[in-house]
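**Student:** Below: one structure in structure tokens.
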Amino acid sequence: SVYSPVQVYRIDRTPPLPKVFNGHFRLENGPPTTSAGHPEDIKKLFPHTFGQPSVHLAPCEGACFDEARKLKVGVVLSGGQAPGGHNVIAGMFDYLEKNAPGSVLFGFKGGPAGIMRNKWVEITSRLLYPFRNQGGFDIIGSGRDKIETPEQFQQAVDTVVALDLDGLVVIGGDDSNTNAAMLAEHFREKKIKTAVLGCPKTIDGDLKSKQVPISFGFDTACKIYSEMIGNIMVDARSTQKYYHFIRLMGRAASHITLECAFQTHPNGAIIGEEIHHQKKTLRQVTNTIADIICKRAHIGKHYGVFLIPEGLIDFIPEIQTLIAELNDLLATQACDADAHGAWRTKLKPQARALFASLPSSIQDQLLLERDPHGNVQVAKIETEKMLISMVEEELSHRRHEDTFPGQFKGQAHFFGYEGRCGMPTNFDATYCYALGFAASALLGFGHTGLIASVSNLTDKPAEWVVGGTALTELMDLERRAGRDKPVIRKAMVELDGGPFREFARVRDAWAVEDSFVSPGPIQFAGPSADDTCFTLKLELGA
Ligand code: FBP
């Protein structure tokens, strides 16, 4: 394909590595791990891989293990794209080439389906070169298929046995890493030598734990969205006639919205986790926004910017109940948007009334097919438009009551896919490269059922700590498609955590003052090029 000058400039950059890779290293064990919830159930489901300790690499004099053992390794990109995925593969490849020459790296094509169908391409330095430091997952493609049924597990076994794999690395989000944990357990149980490791990917930022401080892609996606939000803010201030409602991607947690708020200082940002905690109704969320607009109208401002997380509706308890009832129904029968559909009588009265009160476009969107993991496809639900129309209605009541001395014109935006394949920031490019090195190194030790981890991320890359932690440590039981299933628990915005507390401290000022910040495009050189995101800094207290 044709490359822009910036892409060409990025290709030849080799990210700096944690200094532990400068010499020999060994593996040090941390304390044993448990699970994020229901440890007894998780232990029963993962008897071979539960409870193993977290590990990290520590320098040592001379070789402490068979460093040069040739490995056959498979890698798969799974789920939604996230900037930096190519660098994980580059890190895995460069580690093997440098430390264990003669090793082979297979890239499974099109996500987990590539494993089931034994479709792969060998990663060579020639194939890899044009993808270094570039966005996208196009080197081998990605997919959302799940390896779930006994037949599919057998297909995975057939593939790893046919290729004689020592290791398989699943680069994915919470659902894909859940799948990695199940494969690791299955291979152990069947005495298959292939070790399975996960790698924390998702722009949503909700795959993290004490040992895994952030998922890759979050930093880049937030900075891309923030550039556009900043531009819209300047537009709003220039014309002074629109309220922009910007829905931001992030299936469940509101991390992206919170980070973009820190980057840009909007007049309002809805944090789903807070709405849930306060058990707010849709009407109350509407009123919160209308209150800010009224306040601004009283000081002569009839414009502004609100950020809305994609996952919002799934946080509003009354809608959550409705979605849970719909999920159970959809698992067993087809439901259509027909206002007189017989299936509606199976909803409990409260859910039925709420469903009937929603605009028909939102009703249709709530009935869309679930993804292969049983999730509602929130990316397809236009919450920003729904809120604009509800706020409009509320403000017109207030105008009649003489409490709203203004005008309201809403503009809806959705920033989602455009953030997932941008050129990774220096942070994501470097973090991913280190994750790739971590994954290959852990395979060299024969470890299975771990997720690669790189921590101490607010320090210089040379000081980053490299290791892995048990995938089961991140797991809990959750209700999916009408049944309890072991899944990696999503890390949500914590209301007593550093980022949210800081937001709560400053948001009232942002609501009325125009404190807008326009961060501009991602920089690869210059003063702000190596900045990490606010979320990471506030979480780590840096
Ligand atoms: P992952 O969890 O697989 O990383 O995907 C994240 C995401 O980008 C969400 O933010 C969004 O809701 C979803 O994927 C969209 O999925 P799709 O690409 O299937 O439309």
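**Student:** Scanning the range 461-489 for residues that are among the small types (Gly, Ala, Ser) and within 23 Å of Pro213 (Cα to Cα), which turns out surrounded by the fewest Cβ atoms within 10 Å (Cβ to Cβ)?
**Tutor:** Checked the range 461-489; the qualifying residue surrounded by the fewest Cβ atoms within 10 Å (Cβ to Cβ) is Ala462.
**Student:** From the set of residues in the range 81-93 that are within 15 Å of the ligand (Cβ to nearest atom) and hydrophobic (A, V, I, L, M, F, W, C), which is nearest to the chain's Cα centre (by Cα)?
**Tutor:** Ala82
**Student:** Does Glu463 count as touching a strand residue (DSSP E or B) at 6+ places or on another chain (Cβ under 8 Å) and either farther than 29 Å from Ile123 by Cβ or modelled with pLDDT of 95 or more (or both)?
**Tutor:** Against the criterion (touching a strand residue (DSSP E or B) at 6+ places or on another chain (Cβ under 8 Å) and either farther than 29 Å from Ile123 by Cβ or modelled with pLDDT of 95 or more (or both)), Glu463 does not qualify.
**Student:** Hey, does the range 65-84 have a residue that's at pLDDT below 95, within 23 Å of Leu168 (Cα to Cα), in contact with a Phe, Trp or Tyr (Cβ under 8 Å, 6 or more places away or on another chain) and of a type outside the set (Gly, Ala, Ser)?
**Tutor:** yes
**Student:** Scan Leu96, Leu77, Leu71 and give me the residue that is buried (at least 23 other Cβ atoms within 10 Å of the Cβ) and more than 27 Å from the chain's Cα centre (by Cα).
**Tutor:** Being buried (at least 23 other Cβ atoms within 10 Å of the Cβ) and more than 27 Å from the chain's Cα centre (by Cα) holds for just one of Leu96, Leu77, Leu71, which is Leu96.
**Student:** Can you tell me which residue in the range 165-206 is surrounded by the fewest Cβ atoms within 10 Å (Cβ to Cβ), limited to those that are within 10 Å of the ligand (Cβ to nearest atom) and part of a loop (DSSP other than H, G, I, E, B)?
**Tutor:** Ranking the candidates gives Asp206 first.
For every residue, the table says whether it meets (1) within 23 Å of Arg505 (Cα to Cα); (2) touching a strand residue (DSSP E or B) at 6+ places or on another chain (Cβ under 9 Å); (3) within 13 Å of the ligand (Cβ to nearest atom).
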{"residue": "Glu227", "(1), (2), (3)": "no, no, no"}
{"residue": "Asp235", "(1), (2), (3)": "no, yes, no"}
{"residue": "Gln240", "(1), (2), (3)": "no, no, no"}
{"residue": "Phe245", "(1), (2), (3)": "yes, yes, no"}
{"residue": "Leu248", "(1), (2), (3)": "yes, yes, yes"}
{"residue": "Ile256", "(1), (2), (3)": "yes, yes, yes"}
{"residue": "Phe262", "(1), (2), (3)": "yes, no, no"}
{"residue": "Ile271", "(1), (2), (3)": "yes, yes, no"}
{"residue": "Glu274", "(1), (2), (3)": "yes, no, no"}
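**Student:** On the phi < 0 side of the Ramachandran plot, touching a Lys or Arg at 6+ places or on another chain (Cβ under 7 Å) and aromatic (Phe, Trp, Tyr) - does that describe any residue in the range 412-433?
**Tutor:** Yes, that holds for at least one residue.
**Student:** Taking the condition assigned to a strand (DSSP E or B), over 16 Å from the mean Cα position of the chain (by Cα), on the phi < 0 side of the Ramachandran plot and aliphatic (A, V, I, L, M), does Val160 pass?
**Tutor:** No.
For every residue, the table says whether it meets (1) more than 30 Å from Leu105 (Cα to Cα); (2) within 19 Å of the chain's Cα centre (by Cα).
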| residue | (1), (2) |
| --- | --- |
| Leu442 | no, no |
| Ala462 | no, no |
| Met475 | no, yes |
| Asp530 | yes, no |
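Okay, residues lined up against (1) more than 16 Å from the ligand (Cβ to nearest atom); (2) charged (D, E, K, R); (3) over 22 Å from Phe216 (Cβ atoms):
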site	(1), (2), (3)
Leu354	yes, no, yes
Glu384	no, yes, yes
Ser389	yes, no, yes
Phe408	yes, no, yes
Ala412	yes, no, yes
Ala429	yes, no, no
Leu435	no, no, no
Ala439	yes, no, no
Gly444	yes, no, no
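The values are calculated or read from the model by the stated rules, or taken from the named source; none is laboratory data. Small disclaimer: the values here were computed from a predicted structure and weren't measured. As a convention, Cβ positions derive from the backbone with ideal geometry for all residues, glycine included, and neighbour counts pool all protein chains shown.
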